[in-house]
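What follows is a single structure, written as structure tokens, with notes after it.
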Amino acid sequence: MTNSAVSRVLSLVGDLLELKGGDDAAKAMTYRRAARSIETSREEMSDLHRQGRLQELAGVGEALAKKIAELVETGRLAYFERLSAEVPSSVLDLLRVPGIGPKTAGRLWRELGVTNIDQLEEAVRSGAVRRLSGFGPKKEETILAGIAAFRRTAGQVPLGLARPVGEALAQAVAALPEVVRAAVAGSVRRWRDTVRNVNLVVAASDPEAAARGFAGLPEVREVTGRESDRLTAVLHYGLTVDARFVPPDRFWTALNWFTGPPDHNARLQERACALGLATDGHGLLGAEGKPLPARSEEDVYGALGLDFIPPELREGPGEMGALPRLVEPADIRGDLHVHSDWSDGQDSLPELATAAGALGYEYLAVSDHTQFLAMARGLDEKRLLAQREAIDALNASGEAAGEAAGEGAGEGGCRLLAGVEVDVLAGGELDLPDAALAELDIVTASIHSGLRRPAEETTRRLVAAAENPHVDVIGHPSGRLIGRREPSDLDLDALLAAAAQHRTILEINASPDRLDLCDADARRAKEAGCLLAVSTDAHTVRALGDMTYGVATARRAWLGPDDVANTRPLAELRKLLGKRR
């Protein structure tokens, strides 16, 4: 099991304990603390278990180490399954309603007998919820808005959960003796920010035996559907997997077909028909209805007289025409938004510099929170100055990977930039004075409070920030948290106009929890003449790897390297930022 999967199971255990309430609720924090340690660990749980080092993790004692070992070894956790049997499964759906946490959901279930979304809505509209202590009209409004948001995304799973689980499962299936290769397909391969399930395409010398082997994997809780070439299963941590089993000579056509989406397949089918070719349930066929001799997806598109169409673009519109040169992970020269242990990040400045250098980055902008976020240990002017001096010293001490530009570099060959993520306060003013911001290499301005305010207020705040000459980037503009918080009401066109006019960069936040701007809004930003940055908002060195999610979002927005600020070398980036001063 991946770290993400182990972390998810322990988080669910925490939720179930809090839903039950009483003495059980007191144990919930223990599991959540362990889940966070696992999610941010730089090492895989399987390795730590093999080395007998699980108890080195913060918050993991002997009992929890045994449970993690059980998950790693078997893909299952008996304690989780027992708790799941004690709580109606539909009660967990309440936790997917924005604005409802485990404590509230537990009270709704235990005190009102609410076990599903429909019952929750009826309890609100009938006035039953208002009669609970601590609940009032404002809470009712929040719950009803959350129910509407839930129904818009019902059955959807965040990509940040589905993709690592799907990739790990594909590796497990590929190790079966009958399997030649296996790959993730469907909406996960197209990098949609939420998906309904994980799709796999499995090429096997004996598809029937491969399907039996798949069903016997420890990750699989239950097989819910079985056809001649298809198996649907639910994993122990709740995800649904749809696997297609094909002969080896149909792998590439099947991967293309089951990556989809249906509209793209229909356009391919129409083109195939015009060329005298055919398609079947596994994709394009060659001459006389025989399997197309494809050794890659490029061959599939080539048979149709088309250049390869990246999965990120297949949802259209326009993917069948001339395609741009899209930004790629290798184009990224640095990350413009990361957090250190000076605020709520986990790692030190030297650790961040070393990790970024290992990724081949030229620069990394340390953008810790400011004083308004006291819970995040936000920096005031004095601490910000001290951090800037520490960054300067670290850069001066490192081997000068940036010597060609006359600059030293930090440890690992990556130069740290002195930055900050300054809060945009309720009136549109910033959390630090302009004089302090003027001394920094880069300033990102973000909203972290009042995210549910009317659109005109949120728009006014962000536009004011974009107009400030010391603000270089607007961070996670919509404020959404996928599956947990809806985007803020916002006049996006007004923000895009201000950003374009004042040459303020807009962020695509690569955290899988955010992916904000989303692909559609990022494409609108490009069309409005805005420049964008793809940054991770990483709070751990492990999260620097989330850049792939942000780049995929940029690709879905049809962005090329010139549309993304942090594809530029350091000297060119400095000139770009300097133009705003």
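Values in this text are rule-based calculations from the coordinates and carry no lab data. The shown structure was predicted, so the numbers you read here are calculated from the model rather than taken from an experiment. Heads up, the Cβs are rebuilt from the backbone with ideal geometry, glycines too, and the neighbour counts pull from every protein chain shown.
Observations
- Summing charges over all other residues whose Cβ lies under 9 Å from the Cβ of A149, with Lys and Arg as +1 and Asp and Glu as -1, gives +2.
- Charge dipole of the stretch 171-251 about the Cα centre (unit charges at C-beta), most positive-ward option of L176, H236, S187: S187
- Dipole moment magnitude, nearest 20 debye, the chain about Cα centre, only Lys, Arg, Asp, Glu C-beta charged: 1300
- Cα convex hull of the stretch 108-148, projected area averaged across orientations, nm²: 2.6
- Distance from the stretch 1-70 to the stretch 246-280 (C-alpha centre basis), Å: 43
- Going from the fewest other Cβ atoms within 10 Å to the most, the residues D263, D229 appear in the order D263, D229.
- Calculated P(r) of the stretch 158-313 - Cα pairs past 19 Å, %: 52
- Other-chain or far-sequence residues with amide H under 5 Å of A538's (modelled H): H339
- Inter-site label distance for D380 and L323 at 7 Å from Cα along Cβ, in nm: 5.4
- Based on C-alpha pairs under 8 angstrom that are at least 6 apart in sequence, the stretch 158-313 has a relative contact order of 19 percent.
- Length released on extending from E288 to R42, taking residue separation times 0.36 nm less the Cα-Cα span: 83.3 nm
- Ranking of M45, M29, M320 by neighbouring Cβ atoms within 10 Å, starting from the fewest: M29, M320, M45.
- Centre separation in Å (Cα based) which lies between the stretch 106-177 and the stretch 313-352: 30
- With q set to 0.23 Å⁻¹, the log10 of I(q)/I(0) for the stretch 451-521, from the Debye formula over equal scatterers at the Cα positions, is -1.02.
- According to the Cα-based calculation, Rg over Rh for the stretch 329-578 is 0.94, with Rh computed by the Kirkwood formula.
- Under 26 Å from K575, Cα to Cα: lysines that are on another chain or at least 8 residues apart: K526
- Taking the stretch 329-578 and dividing mean pair separation by its residue count, relative contact order in percent (alpha carbons under 8 Å, at least six apart): 19
- D493 versus A145: modelled label distance in nm, points set 7 Å from Cα along the beta carbon direction: 2.4
- Evaluated over the Cα positions of the chain, the convex hull gives a direction-averaged projected area, one quarter of its surface, of 28.2 nm².
- All lysines inside 27 Å of K20 as judged from Cα atoms, apart from same-chain residues fewer than 8 positions distant: K66, K67, K103, K138, K139
- When the chain is described by a simple charge dipole with +1 on each Lys and Arg Cβ and -1 on each Asp and Glu Cβ, the residue from L255, Y31, L462 located farthest towards its positive end is Y31.
- Rh by Kirkwood over Cα pairs, then Stokes-Einstein D for the stretch 353-394 at 1.002 mPa s and 20 °C, µm²/s: 184
- Computed extension length for K575-R452: 40.6 nm, one decimal, from 0.36 nm per residue of separation with the Cα-Cα distance subtracted.
- Overall form of the stretch 472-576 per C-alpha gyration tensor (a/c, 1.5; a/b vs b/c): oblate
- Shape category assigned to the stretch 104-224 from the gyration tensor of Cα positions, a/c cut at 1.5: prolate
- With a Förster radius of 22 Å applied to the C-beta separation of D206 and T232, the computed FRET efficiency comes to 0.65.
- Shape call, the stretch 235-324: gyration tensor on alpha carbons, a/c limit 1.5: oblate
- Per-peptide average of other Cβ atoms within 10 Å, ordering 508-514, 168-174 highest first: 508-514, 168-174
- Normalised alpha carbon radius of gyration of the stretch 3-152 [divisor 2.2 N^0.38 Å]: 1.18
- Order of W342, W252 - criterion: other Cβ atoms within 10 Å of each residue's Cβ, fewest first: W342, W252
- Efficiency of FRET between E467 and K103 - r from beta-carbon atoms, R0 41 angstrom, step 0.05: 0.50
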